[in-house]
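The structure appears below as structure tokens.
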Amino acid sequence: MTLSQNADANVFYFCWKSPSNIALIKYWGKSGNQLPANASLSITLKEAYTLTRIKAGFIQGGSGPEVEFRFEGEKNEAFGSRIESFLKSVVPHFAFLKEVRLEIESGNNFPHSAGIASSASAMSALALCLCSLEKEITGREISREAFLQKASFISRIGSGSACRSVYGGISVWGKHTSVEGSDDAFAVPLSFELNPLFSDIRDTILIVDPGQKKVSSSVGHNLMKGHAYAAARYTQAASNLTALLLALKQGDWETFSLITENEALSLHAMMMTSRPGYLLMHPNSLNIIEKVTDFRKQSGSAVCFTLDAGPNVHLLYPAGESDKIKPLVEELKDYCYKGTAIEDTMGSGPEKLNCR
Ligand code: PMV
């Protein structure tokens with residue numbers, strides 16, 4: 001039990017560390033309460049994580065949740081109001097929230113302006129804290145599987161892609177015929193043993209621009225409504241997922257690389273061809289992509305790239321190629337903001353910590 005040994009038995013503390021993730025099959029387009037237009041698949045990262053601590057105490061009158069939010073030690077209006085509306089939106093799933101005051105402290109181990117998706121790590125860390133609090137308050141026994149499934153469900157309401165961060169390794173979110181138990185409401189971990197070729201996959205994140213996103217992902221998802229290519233995109237994502245799953249099982253890096261890059265470029269193609277259209281890559285993103293493909297051709301390296309809905313480029317390669325990739329990364333740093341490249345790898349998922 002991580003409930004603190006507090007003298008006041010009605011004050012609870014919970015702490016979760018939860019990582020970000022990078023999608024290989026991209027979720028782009030949604031409906032209803034954050035339900036995805038297509039199934040997606042991501043790698044849970046290890047080094048880029050959010051640490052969240054909640055202190056919960058009971059209040060009278062059922063007017064809660066009362067919330068005080070601090071980000072990296074400071075009050076943060078913008079994040080605070082997003083957290084508050086998220087908490088209000090999950091009251092139907094946590095009846096106890098009406099009776100509590102929450103002091104939430106959160107921080108990332110990566111700069112939140114580094115261009116790494118922080119909503120996935122932040123929302124999953126908070127959802128896990130809420131699930132721990134629910135378990136403590138209700139005293140209900142719950143299996144680890146059911147606990148994580150609820151945490152994934154709640155994370156999704158905060159930020160769609162966050163629901164995949166609840167599991168380590170690789171997870172899939174969204175109903176898909178090739179994935180048993182898959183669901184639009186929560187993510188599921190991969191049900192088969194990953195081929196060892198992928199089990200130590202590396203992700204070097206080249207920070208081309210650390211600034212705010214040009215277009216929020218909510219605006220981006222909405223642009224898929226009525227998009228001329230929407231139906232074709234969802235069909236493509238579904239078949240790419242089937243092919244990628246097979247590649248992950250069989251250790252087929254060539255197909256992995258082909259699908260991963262196809263997904264990244266398709267996501268950007270959707271943005272370019274929406275109305276209005278957006279160019280989310282920068283000239284240096286293109287310079288990096290050119291260099292990576294040239295390097296691959298010349299060296300026979302397995303390195304491939306993916307992109308989020310922004311200009312930064314993720315390089316994916318097996319750990320065994322780290323030494324080979326190092327000079328390439330050094331060269332590519334010239335295209336990065338202040339030469340910033342963040343080294344990450346596939347992680348084993350969120351961790352519950354003892355805290356006060
Ligand atoms: O979870 P959101 O609403 O921030 O959307 C994330 C969308 C992408 O990062 C572009 C793709 C994905 O599947 O993570």
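Relative contact order of the range 196-345, please, whole-number percent, based on alpha carbon pairs below 8 angstrom and at least 6 residues apart.
On the way: 193 pairs, mean separation 64.7, N = 150.
That works out to 43 percent.
With only Lys, Arg, Asp and Glu charged, each at its Cβ (+1 for the first two, -1 for the last two), find how big the charge dipole of the range 196-345 is about the Cα centre; round to the nearest 20 debye. Don't jump to the answer; show the numbers that get you there.
Values: 14 positive and 17 negative charges, 120 e Å.
Its charge dipole is roughly 580 debye.
With the cut-off at 1.5 for a/c, could you classify the range 59-166 from its C-alpha gyration tensor as rounded, prolate or oblate?
Working: a/c = 2.00, a/b = 1.20, b/c = 1.67.
Note, shape of the range 59-166 comes out oblate.
Specify the angular offset, from 0 to 90 degrees and rounded to the nearest 10, of the alpha carbon long axis of helix 77-89 from the longest principal axis of the alpha carbons in the chain.
Orientation of helix 77-89: about 70 degrees from the principal axis.
Once the convex hull of the C-alpha atoms of the range 141-264 is built, how many Å³ does it hold per residue, rounded to a whole number? Numbers along the way, then the final one.
Numbers: hull volume 18.5 nm³, N = 124.
Residue-normalised Cα hull volume stands at 149 Å³.
According to the Kirkwood expression over distinct Cα-Cα pairs, how big is the hydrodynamic radius of the range 11-192, in Å? Provide the component values of the computation, followed by the final result.
On the way: mean 1/r = 0.0610 Å⁻¹.
Hydrodynamic radius (Kirkwood, Cα pairs) of the range 11-192 is 16.4 Å.
Compute the angle between helix 283-299 and the longest alpha-carbon principal axis of the chain, please, reported from 0 to 90 degrees and rounded to the nearest 10.
60
Assigning unit charges at the beta carbon (Lys, Arg +1; Asp, Glu -1) and nothing else, what dipole magnitude in debye, to the nearest 20, does the chain show about its Cα centre?
Details: 35 positive and 37 negative charges, 148 e Å.
Once rounded to the nearest 20, the dipole reads 720 debye.
Give the shape of the range 196-345 as rounded, prolate or oblate, defined through the alpha-carbon gyration tensor: a ≥ b ≥ c are the square roots of its eigenvalues, a/c under 1.5 means rounded, and otherwise the shape is prolate if a/b is larger than b/c and oblate if not. Provide the component values of the computation, followed by the final result.
Working: a/c = 2.21, a/b = 1.24, b/c = 1.78.
Because a/c hits 1.5 or more and a/b fails to exceed b/c, the range 196-345 counts as oblate.
Lone cysteines in the chain, defined as no other cysteine's Cβ under 4.7 Å from theirs: which are they?
CYS129, CYS131, CYS163, CYS304, CYS336
Karplus couplings for the range 54-71 from phi (6.51 cos²θ - 1.76 cosθ + 1.60, θ = phi - 60°), rounded to Hz, Gly and Pro as x?
Along the range 54-71, the couplings run 10, 10, 10, x, 7, 10, 8, x, x, 9, x, x, 8, 10, 10, 10, 10, 10 Hz.
Just name one of PHE58, LEU97, MET123: the one whose Cα is farthest towards the positive end of the charge dipole of the range 11-192 (beta-carbon charges, Lys/Arg +1, Asp/Glu -1).
MET123
Note the direction-averaged projected area, equal to a quarter of the hull surface, for the Cα convex hull of the chain, in nm². The partial results should precede the final answer.
Details: hull surface 71.5 nm².
For the Cα atoms of the chain, the hull's average projected area reads 17.9 nm².
List the residues whose amide H sits under 5 Å from the amide H of VAL313, counting only those 5 or more places along or on another chain, with H placed 1.01 Å from N in the peptide plane.
Hits under the 5 Å cutoff: LEU206, VAL208.
Calculate the dipole size of the range 11-192 relative to its Cα centre from +1 charges on Lys and Arg beta carbons and -1 charges on Asp and Glu beta carbons; express the result in debye to the nearest 20.
On the way: 19 positive and 17 negative charges, 48 e Å.
In total the dipole reaches around 220 debye.
Which FRET efficiency value, to the nearest 0.05, is calculated for ARG275 and TYR234 with the Förster distance at 25 angstrom and r the Cβ-Cβ distance? List each step's numbers first, then the result.
On the way: r = 18 Å, r/R0 = 0.73.
For ARG275 and TYR234, the calculated efficiency is 0.85.
Between ASP200 and residues 5 or more places away or on another chain, which pairs have amide H atoms under 5 Å apart, with H built 1.01 Å from N, and which residues are they?
Residues meeting the amide H criterion: ALA319.
Roughly what angle does helix 144-158 make with the longest principal axis of the chain, taking Cα atoms, 0 to 90 degrees, to the nearest 10?
Helix 144-158 and the main axis of the chain meet at about 80 degrees.
By its C-alpha gyration tensor, with a ≥ b ≥ c as the square roots of the eigenvalues, how is the range 174-219 shaped: rounded for a/c under 1.5, else prolate for a/b larger than b/c, else oblate?
Working: a/c = 4.50, a/b = 1.34, b/c = 3.36.
Oblate, because a/c is 1.5 or more while a/b does not exceed b/c.
Every number in this text was worked out from the coordinates using simple rules, so none of it is lab data. Since the model is a prediction, treat every value here as computed from it, not as a measurement. Here the Cβ is made from the backbone with ideal geometry for all residues, glycine too, and neighbour counts use every protein chain on show.
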